1. Can you pull out every residue in region 90-131 that is in a loop (DSSP other than H, G, I, E, B), surrounded by 15 or more Cβ atoms within 10 Å (Cβ to Cβ) and in contact with a Lys or Arg (Cβ under 7 Å, 6 or more places away or on another chain)?
2. If you check residue 138 against the conditions, is it free of Cβ contacts under 8 Å to residues at least 24 places away in the same chain, farther than 24 Å from residue 6 by Cβ and among the hydrophobic types (A, V, I, L, M, F, W, C)?
3. Take the conditions in contact with a Leu (Cβ under 6 Å, 6 or more places away or on another chain) and surrounded by 13 or more Cβ atoms within 10 Å (Cβ to Cβ) and apply them to residue 138. Does it pass?
4. Return the only residue of 70, 109, 115 being farther than 20 Å from residue 4 by Cβ, out of contact with any Pro (no Cβ under 9 Å at 6 or more places or on another chain), aliphatic (A, V, I, L, M) and at pLDDT 95 or above.
5. If you scan region 73-89, which residues turn out to be at pLDDT below 75, surrounded by 12 or more Cβ atoms within 10 Å (Cβ to Cβ) and touching a Phe, Trp or Tyr at 6+ places or on another chain (Cβ under 9 Å)?
Amino acid sequence: MEVGIEVLATTWPSGYANYSYEFFDHTFLGTVRRGAPNHKANVGLRGIRSTGISADLSYHYVGQATYPVAQTFTLLASFGVPFVNPQVSSYNLLNLRVGYRFWQQQSAAGYLREAEVALSVFNALNDTHREHPLGNLLGTRVMGWLTVKL
């Protein structure tokens with residue numbers, strides 16, 4: 001089940017919100033089961049001004065989940081392979097992006113050429129987490145961008 005809404009507040013800012021609920025109860029060959037968080041929610045605001053400034057803010061909540069691990073991983077523990085905890089805690093993500101379009105030109109063929117610099121922050125709250133028991137531990141990531149469209 002999923003429900004959502006998107007709103008165009010004025011000519012430049014817009015926002016969205018959605019919530020989804022999933023339930024898996026299926027086994028493959030009686031040994032491995034699917035796993036997924038039951039609850040997810042997203043809220044965001046974005047806008048692009050005629051001055052070239054753009055911004056995006058998005059918040060995501062993902063509920064805890066259990067990803068049943070195949071019996072093979074349990075059997076490998078006797079050979080020194082570490083035990084994998086099938087539980088993944090809930091986590092919150094706050095992602096931010098701000099950009100500035102500093103060049104824009106109409107081409108002879110009719111399309112728009114442009115260049116933008118931007119800064120984005122993934123997981124600004126530094127909610128260190130795993131999205132899957134076998135996944136990497138995720139933390140904050142800051143990236144700079146230069147995008148040129150010719």
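The values are calculated or read from the model by the stated rules, or taken from the named source; none is laboratory data. Everything numeric in this text was worked out from a predicted model, so none of it was measured. In this analysis, Cβ positions are derived from the backbone assuming ideal geometry, glycine residues included, and neighbour counts consider all displayed protein chains.
1. Answer for region 90-131, where residues must be in a loop (DSSP other than H, G, I, E, B), surrounded by 15 or more Cβ atoms within 10 Å (Cβ to Cβ) and in contact with a Lys or Arg (Cβ under 7 Å, 6 or more places away or on another chain): just 123.
2. On the way: free of Cβ contacts under 8 Å to residues at least 24 places away in the same chain: yes; farther than 24 Å from residue 6 by Cβ: yes; among the hydrophobic types (A, V, I, L, M, F, W, C): yes.
Yes; evaluated as a whole, the condition is true for this residue.
3. Values: in contact with a Leu (Cβ under 6 Å, 6 or more places away or on another chain): no; surrounded by 13 or more Cβ atoms within 10 Å (Cβ to Cβ): yes.
The answer is no for residue 138.
4. On the way: 70 fails: at pLDDT 95 or above; 109 fails: at pLDDT 95 or above.
Answer to the check: 115.
5. 73, 74, 81
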